[in-house]
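Notes follow once the structure below has been shown.
The values are calculated or read from the model by the stated rules, or taken from the named source; none is laboratory data. From a predicted model like this one, the values you see are computed outputs, not experimental measurements. As a convention, Cβ positions derive from the backbone with ideal geometry for all residues, glycine included, and neighbour counts pool all protein chains shown. Accessible surface areas use protein heavy atoms only, side chains included; no ligands, DNA or RNA. Shrake-Rupley method; radii C 1.70, N 1.55, O 1.52, S 1.80 Å.
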Amino acid sequence: MSSWLGLSVGIPLGIGLGASYKALRPGASGWHSRLHKPKYNVPHSMLLPLFTALYTIEGMATYLVSNEMVLGNSSNRETAVVVQAGHWGLAYYWLSLTFLVFWPALVASGPMYVKAAMADISLAVVLQLLALVQFFRLSTAGGLLHLLCFFVTHALAVWNLALIQKGRARLPL
């Protein structure tokens with residue numbers, strides 16, 4: 001079981017940090033410091049730990065849901081319903097992760113990509129919400145962990161929207 005936990009956490013962590021490391025690494029704060037950011041802003045030095053925690057927690061939630069599907073520990077529910085909910089929840093999760101891993105790179109690409117980043121993170125939020133519903137059907141603990149990730153992703157989407165509003169996405173000359 002511990003190897004499955006390692007895979008459940010390691011795969012999203014590896015994919016997520018691998019795809020967004022260029023934008024999140026400590027030396028790449030130039031793009032972040034040039035943005036006209038809203039008042040509620042995460043310092044650039046906290047982005048890499050934030051995304052590391054986000055991907056780790058999502059991996060743990062995935063492990064709990066997958067474990068529930070494999071072991072069939074769902075009391076008072078038919079196995080077919082549990083497996084179907086798990087398959088849909090995991091499909092939504094992996095799709096949301098796909099969109100989420102590209103968001104930092106899109107934001108870091110410059111002001112012309114901030115709207116594309118908003119579309120990207122919006123799709124991730126919707127897919128995370130769909131996954132959340134299915135995760136709660138299988139595992140309360142997995143659902144609660146995924147709920148935490150949903151709130152973080154939603155906060156990132158609100159931050160991205162604040163960049164777009166009133167021309168905040170423009171870089172200073």
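Below are the figures for this structure:
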| quantity | calculated |
| --- | --- |
| Subset of the stretch 76-99 (residues that are crowded, with 19+ Cβ neighbours inside 10 Å, of a type in the set (A, V, I, L, M) and either at pLDDT 90 or above or closer than 19 Å to Leu7 by Cα (or both)) | Leu97 |
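Conditions (1) open to solvent by less than 40 Å² (accessible area, probe 1.4 Å); (2) outside any loop (DSSP other than H, G, I, E, B); (3) of a type outside the set (Val, Ile, Thr); (4) modelled with pLDDT of 80 or more, marked per residue:
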| site | (1), (2), (3), (4) |
| --- | --- |
| Ser8 | yes, yes, yes, yes |
| Ile15 | no, yes, no, yes |
| Val42 | no, no, no, no |
| Tyr55 | yes, yes, yes, yes |
| Val65 | yes, yes, no, yes |
